[in-house]
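Below you'll find the structure, written out as structure tokens, and then a few comments.
The values are calculated or read from the model by the stated rules, or taken from the named source; none is laboratory data. Remember, predicted model here, so these are calculated numbers, not experimental data. Cβ placement follows ideal geometry from the backbone for every residue including glycine, while neighbour counts extend to all protein chains displayed.
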Amino acid sequence: MSETTDSSGNVLSDYLFSAFGESLGASQTDPFGYKAQFGYYTDSETGLQLLTHRYYDPANGRFLTRDPISYNGGINLYAYSRNNSANLIDPSGLDVLVIEEGPTQGNPIGHTALAITGRGVFSPGNGGELSTDDKNNIVGGNISRYLDRETQRRNITLYIVKTTPEQDAAIERVMRDIAANERKLAENWRLSYDNCSVRSNRALDAGGFNQTGSIDMGGGGPWSFGTNIPGSAGSRAVITRGYSGSRYIPQGSTSQPMFIGQFMPK
């Protein structure tokens, strides 16, 4: 059941759908019906759903084109929400990137950053000419420009993790809070060492990532063990629930994976 209301709570339209989004009642006359709260957009002429960069056919419960991350998303390239639409959504096919970057001449330990679907890249402390604040941070920046710059000086590995909209929002909130209140937050966490990796891992805590794949962090969470070392967030991504693959970009590469467009800020 999907309802659209005005600011006073009056119902403007209501529709009944199957679990996979097929209309079970009157014809849909506006584009905001099945799971519109997650960004699903219905083409009223064809009945197809536009989910960011792929069309989905609710009559057959399948996407019409291949998964842009290929087999990193599973062996069925056309499956929708792992064939479990009653419990899962798939508005984009991608959600969070953990970006682990190798050492450079001036940074022998590397760097860690995050990117979130439709919200851009979040990179603490190495903004340079791409900084979005006066503290050398990139907060919701252009990921394509960021990767283009970084790959000219180091190797990069992207770890892809499927998340929910709530997890994305929690991760973004923490990264923005850190950028705005760096010193105060570091003191509150009682951190003896605060860097890009610690900050990225702290955001993953908020998103429910941990080393067992459980949402319940318990005991302070794994972020307190070695998370000041770049690479730890990527290792964490590999063994958390929702991990769907990685992509290595060698230093000097002039091309980027097609799925990067998913993480451009809207």
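Determine which single condition THR151 fails, assuming it passes every other condition in (1) out of contact with any Lys or Arg (no Cβ under 7 Å at 6 or more places or on another chain); (2) under 18 Å from GLY245 (Cβ atoms); (3) not aromatic (Phe, Trp, Tyr).
(2)
Spot the failing condition for ALA115; the list is (1) part of a loop (DSSP other than H, G, I, E, B); (2) modelled with pLDDT of 95 or more; (3) under 21 Å from LYS266 (Cα atoms), and only one is missed.
(1)
If we keep just the residues of the stretch 93-131 that are surrounded by 20 or more Cβ atoms within 10 Å (Cβ to Cβ) and among the acidic types (Asp, Glu), which is farthest from GLU172 (Cα to Cα)?
Out of the qualifying residues, it is GLU101.
Restricting attention to the stretch 137-167, which residues are more than 21 Å from GLN251 (Cα to Cα), at pLDDT below 90 and surrounded by 18 or more Cβ atoms within 10 Å (Cβ to Cβ)?
Result: VAL161, LYS162, THR163, GLN167.
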